[in-house]
1. Can you tell me which residues in the stretch 18-41 are touching a residue at least 24 places away in the same chain (Cβ under 8 Å) and either surrounded by 13 or more Cβ atoms within 10 Å (Cβ to Cβ) or within 19 Å of HIS7 (Cβ to Cβ) (or both)?
2. Name every residue in the stretch 100-123 that is more than 18 Å from SER148 (Cβ to Cβ) and either aliphatic (A, V, I, L, M) or without any contact (Cβ under 8 Å) to a residue 24 or more places away in the chain (or both), in order of residue number.
3. Can you name the condition, by its number, that GLN170 falls short on among (1) in a loop (DSSP other than H, G, I, E, B); (2) closer than 27 Å to PHE108 by Cβ; (3) of a type outside the set (Phe, Trp, Tyr)?
4. What are the residues in the stretch 1-53 that are assigned to a strand (DSSP E or B) and charged (D, E, K, R), if any?
5. For the stretch 45-90: of the residues being polar (S, T, N, Q) and open to solvent by less than 40 Å² (accessible area, probe 1.4 Å), which is nearest to LEU4 (Cα to Cα)?
6. For the stretch 129-145, which residues satisfy the criterion of being in contact (Cβ under 8 Å) with a residue 12 or more places away in the chain and open to solvent by less than 100 Å² (accessible area, probe 1.4 Å)?
7. Within the stretch 146-164, does at least one residue satisfy the condition of being touching a residue at least 12 places away in the same chain (Cβ under 8 Å), more than 20 Å from ILE3 (Cβ to Cβ) and open to solvent by 70 Å² or more (accessible area, probe 1.4 Å)?
8. Can you find, within the stretch 96-145, the residue that is nearest to ASP28 (Cα to Cα) among those that are part of a strand (DSSP E or B) and touching a helix residue (DSSP H, G or I) at 6+ places or on another chain (Cβ under 6 Å)?
Amino acid sequence: IKILFLHTNFPGQYRRVVPFLKASGGFDMRAATLKTNKQQIDLPHVRFEKHREARENIHPALKRMESAVLTGQAAYTSLLTFRKQGWIPDIVCAHSAFGAGFFAKDVFPTAKYLSYNEWYFNEELTHEGRPVSRDEHDAIIRTRVSNSALLIDLAAMDAGITPTQWQKQQFPAVF
């Protein structure tokens, strides 16, 4: 089974599963991560780099989304390396909402996409994690729009995982 791990700071949340799968045998694993990630990676991997950061002069609620799109664009380009080598994963595991997995199904359309969905910003907590005051209009807008990148992953995934039941309960029932 061929598995591709996408994480801006690999191994990140895959820190325990990768060594377990490696020891189990039968898995051909690769990874893609940001070029700025200084961690040792004991798998064949590619590193990607955004061609710029999110712009300062856009609506504050959109900065997170623009950054995710730029990350996804960079990851997309780096993943073409694997495809050109003829390496096609059966499963793509991606940490959601940061953009690394946005275009994985475009590069590898036959792969199953497993999204690691850590947090859904809801109307009760601001993007910063504190309770929302109905008088904080900008915080409400920023919080609602913060889910845009996650929603792209949720729409693309074949399956998803959330680390705890409490985190899962933050997601709308439809997910």
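The values are calculated or read from the model by the stated rules, or taken from the named source; none is laboratory data. Worth saying up front: this structure is predicted, and the values here are computed from it rather than measured. Cβ placement follows ideal geometry from the backbone for every residue including glycine, while neighbour counts extend to all protein chains displayed. Areas reflect the complete protein model, heavy atoms only, side chains present, ligands, DNA and RNA absent. Shrake-Rupley method; radii C 1.70, N 1.55, O 1.52, S 1.80 Å.
1. VAL18, PHE27, ASP28, MET29, ARG30, ALA31, ALA32, THR33, LEU34, ASN37, GLN39, ILE41
2. Hits for the stretch 100-123 are VAL107, PRO109, THR110, ALA111, LEU114.
3. Tallying (1) in a loop (DSSP other than H, G, I, E, B); (2) closer than 27 Å to PHE108 by Cβ; (3) of a type outside the set (Phe, Trp, Tyr), GLN170 fails exactly one: (2).
4. Hits for the stretch 1-53 are LYS2, ASP28, ARG30, ARG47.
5. Looking only at the stretch 45-90, we keep the residues that are polar (S, T, N, Q), and these are 57, 67, 71, 73, 77-78, 81, 85.
Those still in the list that are open to solvent by less than 40 Å² (accessible area, probe 1.4 Å) too: 67, 71, 78.
Details: SER67: 22, THR71: 17, SER78: 12 Å.
Per the criteria, the residue is SER78.
6. Selection gives ALA139, ILE140, ILE141, ARG142, THR143, VAL145.
7. Checked the stretch 146-164: no residue is touching a residue at least 12 places away in the same chain (Cβ under 8 Å), more than 20 Å from ILE3 (Cβ to Cβ) and open to solvent by 70 Å² or more (accessible area, probe 1.4 Å).
8. TYR113
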